[in-house]
Every structure is written in C-alpha cells, then in structure tokens.
Amino acid sequence: MSTRPLLFLALLLVGTPCAAQALRVFYIEKPPYYHSVEGEPTGFLLERSRAIFAAAGIAVQFESRPAKRILMEVADPQASFCSIGWFKTAERAQLAWFSQPIHRDEPMQVLTRSTLQGQLREVRQIEQLLNSPLRLGLVDGFSYGAIDQRLAQQPARQRITAPPLQIVMMLLNERIDYTLVDSRELPYLIGEADLSQGRLSQLSLADMPPGQLRYLMCGKGLEKNQRAAINQAIQQLELKPD
C-alpha cells in the first residue's frame, strides 16, 4: 500500500489552523462578570471576551481558575494564556501584557447593616466614613482603585483573605461594620448567601472615584501578532470604555 496519501494527509493537517492548540483563557468565579453555570462558562464580560477573540481569529478554551493561581502562573515569562477582567496595576504590568480596556465598572458602593443606617445618614463623603470609628472590611489582594492609598492608612480596617461572600457574612455577624462592593455583584452575593435584602443597606458617596477599567491580562509569552489582533478586535467592536 502506498504511503503517499497518508503523507499528504499529515502535511495537510499540520498546515491547517484547526491543528493549532486553542489559547487558554482563564476566568474566576465572579458573577455576573464571569462564572460557571452547570459547568459551562458564561457571564456578560466572558461573552464580550468571546466576541473579542472570535473577531481576532483566535480559537480559545475557557477554564475556571482561582485568582491567586492565575497571578502566580502569569509571572512565568513563557506563559501565553489570557485571563478576563483584570485591573491593571503597576505590579501586574511588570509581569503580564494587558490589552486595551474592555469594560469600566460602576463606582464602588458602601455596604453596611441596615441597623447602622442612622449613624450613616449624614455621611456624604468617603473621608467622613474613613474618619469614623466604624470598622472597615476589605478583601486582601483586591485593588479598590484610586482610593487604595487612602484605605491603606485606615487604622480601623481588616484585610481579609476571603471572597466577597465571606466579607458579607462577616458584616452580618457584626465582625465588621461596612465594606466596599461592586453594585453589579451584590445581588448575586445576596442570593448565594440566601439573605434578605432588608438586612443590608447600600450607600453611594459623592466623592467615590469612577469605577476601574478591566482588561484582558495575558502572559508575556503571548505572540505579538495575537496581541495586535486582540487590540484591533477591541477597536473594531467599539468596546473601549470612556
């Protein structure tokens, strides 16, 4: 039997895009941005990212992964995966490549117990709150944007290595008095904890900075042509936030 047809088929497969390995794209469990439903990736920002990669002509494979593991792995100079929805900090920019921004969050809101509403009725600015004796709970390792430096100076604070859901439970159990939350995420946290909305109270402050920009964060091993294609797709889809 002649081996020529088999050789031709092998060469054909090597030369086709389908033979290329799909780019791994990691996401954390953060509804409604990106999360898993019955094992399938979904979320409004995940679907936006899916559209970006499709427009860039890049085949992808989405995988759920803890945030700390992603940050550890992206520090490898050879890493070539991407991850969705990261804030760009000076430290991260040294370790990874960031796309053009793909989303801007709403300003953070103050979340407290409804029983503390009376104490907070006259609070209009973040400085008033930070100068109060109330205890602030923050997620350790999470960037709160332009107010990070001011928060670091706050004596009555706790940095907690825990997901936002645990912060909410600490608030209800009176271990802290308030925290800062993403208003998009809050309904999911309440639902996951099986809580009544009436036990919590939200407060918007006039001087709270604009929400942070979110990016695709990729390992520095990502090929330059893929980087260019991703940014071009973001521009074509007119996703660049204000």
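The values are calculated or read from the model by the stated rules, or taken from the named source; none is laboratory data. Being a predicted model, the structure only gives us computed values, none of them experimental. With ideal geometry, Cβ positions are generated from the backbone for all residues, glycine too; neighbour counts draw on all protein chains shown.
When residues in the range 126-141 are screened for being part of a strand (DSSP E or B) and not β-branched (Val, Ile, Thr), 3 of them pass.
State yes or no: is Gln197 modelled with pLDDT of 85 or more and closer than 27 Å to Val37 by Cβ?
Values: modelled with pLDDT of 85 or more: no; closer than 27 Å to Val37 by Cβ: yes.
Spelling it out, it is not the case that Gln197 is modelled with pLDDT of 85 or more and closer than 27 Å to Val37 by Cβ.
More than 17 Å from the chain's Cα centre (by Cα) and either part of a loop (DSSP other than H, G, I, E, B) or of a type in the set (A, V, I, L, M, F, W, C) (or both): is that true of Glu106 in this structure? Criteria not met by Glu106.
Screening the range 142-237 for helices (runs of 4 or more DSSP H) wholly inside it with 2 or more residues that are β-branched (Val, Ile, Thr) returns the ranges 164-172, 224-236.
Considered as a group, the residues in the range 57-105 that are of a type in the set (Lys, Arg) and free of Cβ contacts under 8 Å to residues at least 60 places away in the same chain include one that is farthest from Leu45 (Cα to Cα), and that residue is Arg69. If the condition is being under 30 Å from Gln235 (Cα atoms) and touching a helix residue (DSSP H, G or I) at 6+ places or on another chain (Cβ under 7 Å), then the range 88-119 contributes Leu95, Ala96, Trp97, Ser99, Gln100, Ile102, His103.
The residue of the range 99-122 that is nearest to Tyr178 (Cα to Cα), among those that are buried (at least 17 other Cβ atoms within 10 Å of the Cβ) and of a type in the set (Val, Ile, Thr), is Thr112.
When Ala152 is tested against (1) aliphatic (A, V, I, L, M); (2) free of Cβ contacts under 8 Å to residues at least 40 places away in the same chain; (3) surrounded by 14 or more Cβ atoms within 10 Å (Cβ to Cβ), only condition (3) is not met. Every condition in (1) buried (at least 16 other Cβ atoms within 10 Å of the Cβ); (2) of a type in the set (D, E, K, R); (3) outside the structural domain of Ala93 (by TED's automatic domain parsing) holds for Arg227 except the one numbered (3).
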